Amino acid sequence: MGGRKWGQHFFWNRGLAEKIVDLIPITPEDYVLEIGPGKGILTRFILNRTPHLTALEIDPELAEGLREMFPGLSLLQGDFLEQDLSNLLPPRFKVVSNLPYKISRPTLQRILQWRESLQEAVLVVQKELAERVVPHSTCYEASPLSISLHIFYRMRIAFHLSPGSFNPPPKVDSSALIFQKRDLPLYSPEDFPHFYSFLQRLFNPRRKSIRNRLEEKERTPALEAGFDLTKRAEELSEERLISLYRAIYDPPRS
């Protein structure tokens, strides 16, 4: 059966597949990227809404089946994570995907890279990962990735899916995770790469105090701004981390 080698789990219920596609608005003018279309159950519903669909499938056998089912479909066969899509994606696009679990986290990294162009997305990922990246969920885990995604996107879990929703069934529950681009990000996009590097330094390794992650010259403005440097980065909200960064690198001028 196609897909097993790549860890894919396919929807078998057409009603559920349509429910997934309907989680974000797709108009005939929208451009959509589908990662891992598999046997095409989501593909069909996307094409019912817009002709502007590009699908990327790693499995050669499944890719051939998709070409037969959907003549004229813009289909790329290959590893999504190894593809340079910069010349294929328009300035504004959306993503729909039932992701193979092993590429879920790298795909979230790619979404962050697409922050200027990606307007909305619905991804089916393992429940544990969804709850780790969505703020205020029961298992939220602050990290450079989860904080950065929240800066640019409103994220929510639409619903959870049991293993029986898929064939073959995975060993864990899944979630439908929605991304909607903010009209105004919580932090300046122009300075974001430097801010992201700052977050990586604060969180790596985890469970270290902020004092231990800052250079001596950075501690003084942080203390003057009232920050408790004995705290760990994961104890601060996104807003406080942004304020800490600004206190160090963009202090108010008298």
> Going through segment 163-200 one residue at a time, which ones are free of Cβ contacts under 8 Å to residues at least 12 places away in the same chain and polar (S, T, N, Q)?
Replying inline: S188, S197
>> Just to be sure before I move on: is E34 in a strand (DSSP E or B), out of contact with any Gly (no Cβ under 7 Å at 6 or more places or on another chain), under 24 Å from H160 (Cβ atoms) and not aliphatic (A, V, I, L, M) in the structure I sent?
In response: yes
> Mind checking which residues of segment 98-119 are of a type outside the set (A, V, I, L, M, F, W, C), over 10 Å from the mean Cα position of the chain (by Cα) and either outside the structural domain of I41 (by TED's automatic domain parsing) or surrounded by 19 or more Cβ atoms within 10 Å (Cβ to Cβ) (or both)?
Replying inline: N98, P100
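If you take the residues in segment 199-220 that are of a type in the set (D, E) and not in a loop (DSSP other than H, G, I, E, B), which one is surrounded by the most Cβ atoms within 10 Å (Cβ to Cβ)? Give the derivation first.
Here is the first cut: in segment 199-220, the residues of a type in the set (D, E) are 215-216, 218.
So of that shortlist, the ones also not in a loop (DSSP other than H, G, I, E, B) come out as 216, 218.
Numbers: E216: 7, E218: 20.
Ranking the qualifying residues of segment 199-220, first place goes to E218.
Taking segment 138-149, which residues are crowded, with 17+ Cβ neighbours inside 10 Å and not in a helix (DSSP H, G or I)? If you could, list the steps in order and put the result at the bottom.
To start, the set of residues in segment 138-149 that are crowded, with 17+ Cβ neighbours inside 10 Å comprises 142-149.
Across segment 138-149, the qualifying residues are A142, S143.
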> Which one of the conditions (1) under 20 Å from the mean Cα position of the chain (by Cα); (2) without any contact (Cβ under 8 Å) to a residue 60 or more places away in the chain does S209 fail to meet, given that it meets all the rest?
Replying inline: (1)
> Limited to segment 150-170, what total is found for residues that are assigned to a strand (DSSP E or B) and over 24 Å from Q113 (Cβ atoms)?
Replying inline: 5
> When segment 63-112 is examined, which residues are found to be out of contact with any helix residue (DSSP H, G or I) (no Cβ under 7 Å at 6 or more places or on another chain), of a type in the set (K, R) and over 21 Å from F45 (Cα atoms)?
Replying inline: K102, R110
>> Among the numbered criteria (1) touching a Ser or Thr at 6+ places or on another chain (Cβ under 8 Å); (2) among the hydrophobic types (A, V, I, L, M, F, W, C); (3) at pLDDT 95 or above, which one does F80 miss?
In response: (3)
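Look through segment 221-243, keep the residues that are part of a helix (DSSP H, G or I) and under 12 Å from I147 (Cβ atoms), and return whichever of them is nearest to the chain's Cα centre (by Cα).
The first filter runs over segment 221-243 and keeps only residues part of a helix (DSSP H, G or I), leaving 221-224, 233-235, 238-243.
Cutting the leftovers down to under 12 Å from I147 (Cβ atoms) gives us 233-234, 238-242.
Numbers: A233: 22, E234: 20, E238: 17, E239: 20, R240: 23, L241: 21, I242: 21 Å.
Only one residue fits best here, namely E238.
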> Of the residues I58, I35, which single one is among the β-branched types (V, I, T) and farther than 20 Å from P91 by Cβ?
Replying inline: I58
> Which residues, taken from segment 17-29, are over 19 Å from the mean Cα position of the chain (by Cα) and surrounded by fewer than 20 Cβ atoms within 10 Å (Cβ to Cβ)?
Replying inline: E18, K19, T27, P28, E29
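Of all residues in segment 48-71, how many are more than 23 Å from D22 (Cα to Cα) and free of Cβ contacts under 8 Å to residues at least 60 places away in the same chain? Talk me through it step by step, then tell me what you get.
Restricting attention to segment 48-71, the residues satisfying the condition of being more than 23 Å from D22 (Cα to Cα) are 58-65, 67-68, 71.
When the remaining residues are screened for being free of Cβ contacts under 8 Å to residues at least 60 places away in the same chain, the result is 58-61, 63-64, 67-68, 71.
Qualifying residue count for the region: 9.
The values are calculated or read from the model by the stated rules, or taken from the named source; none is laboratory data. Since the structure is predicted, the reported quantities are computational estimates derived from the model, not experimental observations. Neighbour counts run over all protein chains shown; Cβ positions are idealised from the backbone, glycine included.
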